[in-house]
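The structure under discussion appears below in the form of structure tokens.
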Amino acid sequence: MQLSNQLVQWYHQHKRDLPWRHTTNPYVIWLSEIILQQTRVEQGLPYFNRFLEKYPTVSDFAAATEDEVLALWQGLGYYSRGRNMLVTARLVQELHGGVFPSSWEQLIKLKGIGEYTAAAIASFSANEAKAVVDGNVYRVLARYFGISEPINSTQGKKIFQQMADEMLDRENPALHNQAMMEFGAMLCKPKNPACGICPVREGCYAFKHNATATLPVKINKTKIRERYFNYLLIKNDNEILMHKRGAGDIWANMYELPLIETEQLMEVHHVLETPSAKPFIGGNIRIKAVSQVYKHVLTHQRLYVRFIELDGFENELEQDYFFTEVKKLKNLALPQIIFIFLTKFLN
DNA sequence: AATACGGGGCC
DNA sequence: GGCCCAGTATT
């Protein structure tokens, strides 16, 4: 029996009951697929429910503000997904009158939808014969067929996409795609795959050659940059000074405390003597408290983050700085490190 | 072709 | 500490 059929059979018996598997509404599928990009099901699930409740249709989504979407996205990471969703929702509202497209060709034109997501939405919502290739599919194919071509090389991506296309069950693309991914996520896991109970191990290269630990192959280790963030806590009664970040760096368009970034870890009073601290010092400013240094790890950056509480601020506010009531902070999309600290500090 | 972009879970 | 997760956009 073909691998595809075996996995579909396995899928029927072992699939998880996930909300987006009960619909063929392309808008709902889209919501789930964007949220699940580079994100585990367990982490994305509550976000999916919140988004669907707040924006039941793409027209509702299109009417949202970016602040609102980002605040709802808070904590999920890769925030460009949220920003791109709003762009796409508005485009669908304008171009398609609020009818979310379900063909691969229309989908691929939309912001935030790449080859994988277009194939997922098209197959799940309209049963279009497009094979999905995500991290799960790479792993299953590499192990089963013993492909050592790197999955993230240009050549490798082409090979795997081609293999996936060839083995696609063209009668049942939606089922086939779901089965491939679910199998990869639940059984053919990155670490400790459950080969002991695997229904296709007899035909599996990696099982036969004891190579599950070395397949798939991936190149390009990410380089990590270290940064030093000194955040200023400036609070008057029930208001706190906040800053809206711009584009071109992490956390684009999100909200943070006034930030002084330094080249290295230095004493607090030296931090306050740097030129970028100028807008916040002077007058009767004094240091009230200093937090520990938190290490916050991102994909390409290691942040060393410290919070400096100041007293006696009386300067003019520059562009993108504003005081906000503490009670209204929940309306602002905060990076996780800011959210965690403020939650602790303000309670 | 390489790099940027979050946060969390697992080993 | 390193790897990976229902990847995409940008350089």
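The values are calculated or read from the model by the stated rules, or taken from the named source; none is laboratory data. Remember, it's a predicted structure, so these values are computed and weren't measured experimentally. All Cβ positions, glycine included, derive from the backbone under ideal geometry; neighbour counts span all protein chains shown. Side chains included, ligands, DNA and RNA excluded: accessible areas come from the protein's heavy atoms. Shrake-Rupley method; radii C 1.70, N 1.55, O 1.52, S 1.80 Å.
Residues in the range A:3-208 average 47 Å² of solvent-accessible surface per residue, probe 1.4 Å, ligands and nucleic acids excluded.
A 1.4 Å probe, protein heavy atoms only, puts the accessible area of residue A:60 near 60 Å². Taking amide H as placed 1.01 Å from N in the peptide plane, residue A:228 has its amide H under 5 Å from the amide H of A:262, A:304, each at least 5 places away in sequence or on another chain.
Compute the Rg to Rh ratio over chain A from the alpha carbon atoms, using the Kirkwood formula for Rh, and round to two decimal places.
That ratio equals 1.05.
Think of the range A:3-208 as having a plus end and a minus end, set by charges on the Cβ of Lys, Arg, Asp and Glu; of A:43, A:168, A:142, A:142 sits farthest toward the positive end of this dipole.
Computed from the Cα positions only, the extents of the range A:15-67 along the three principal axes stand at 35, 23, 16 Å, in decreasing order. Rounded to the nearest 20, the Cβ-based charge dipole of chain A about its Cα centre (Lys and Arg +1, Asp and Glu -1) stands at 1100 debye. Straight-line cross-link reach from residue A:288 at under 26 Å between alpha-carbon atoms covers these lysines, not counting any fewer than eight positions away in the same chain: A:235, A:244, A:278, A:327, A:328, A:330, A:344. In the complete set of protein chains, residue-level accessible area for residue A:1 is approximately 150 Å², probe 1.4 angstrom. Dipole magnitude for the range A:3-208: computed about the Cα centre from +1 point charges on Lys and Arg Cβ and -1 point charges on Asp and Glu Cβ, it is near 580 debye.
Count the net charge of all other residues whose Cβ sits under 14 Å from the Cβ of residue A:91, scoring Lys and Arg as +1 and Asp and Glu as -1.
On the way: positive: A:83, A:90, A:109, A:111; negative: A:94.
Once positives and negatives cancel, what remains is +3.
With N counted as the residues of the range A:107-176, its alpha-carbon radius of gyration over 2.2 N^0.38 Å works out to 1.10. Model label points for residue A:149 and residue A:331, set 7 angstrom from Cα along the Cα-to-Cβ axis, are 5.3 nm apart.
For the range A:225-345, what percent of Cα pairs sit more than 26 Å apart? It works out to 14 percent of all Cα pairs.
Charge tally around residue A:235: other residues with Cβ under 12 Å, Lys/Arg +1 each, Asp/Glu -1 each, net -4. The convex hull drawn around the Cα atoms of the range A:3-208, when projected onto a plane and averaged over every direction, covers 11.3 nm². Computed packing ranks the peptides A:101-110, A:45-54 as A:101-110, A:45-54, most packed first, by mean other Cβ atoms within 10 Å. Rolling a 1.4 Å probe over the protein heavy atoms leaves residue A:209 with an accessible area of roughly 100 Å².
Residue A:7 sits among other residues whose Cβ lies under 14 Å from its own Cβ, and their net charge, with Lys and Arg +1 and Asp and Glu -1, is +1. Under 5 Å from the amide H of residue A:309 lie the amide H atoms of A:233, A:288, A:289, A:290, A:291, each residue being 5 or more positions distant or on a separate chain, with H modelled from the backbone and absent for Pro and chain starts. Panel note: the C-alpha atoms of the range A:174-276, placed on their principal axes, show extents of 67, 31, 24 Å (largest first). Within the same chain, lysines fewer than 8 places from residue A:15 are excluded, and of the rest, those with a Cα less than 22 Å from its Cα are A:130, A:189, A:191. When only alpha carbons are used to place a centre, the range A:74-90 and the range A:172-218 end up 31 Å from one another.
The Cα center of the range A:262-312 and the Cα center of the range A:1-27 differ in position by 51 Å. Considering every alpha-carbon pair of the range A:157-213, the percent of pairs per 10 Å bin, from zero through the bin containing the longest distance, is 21, 46, 32, 2.
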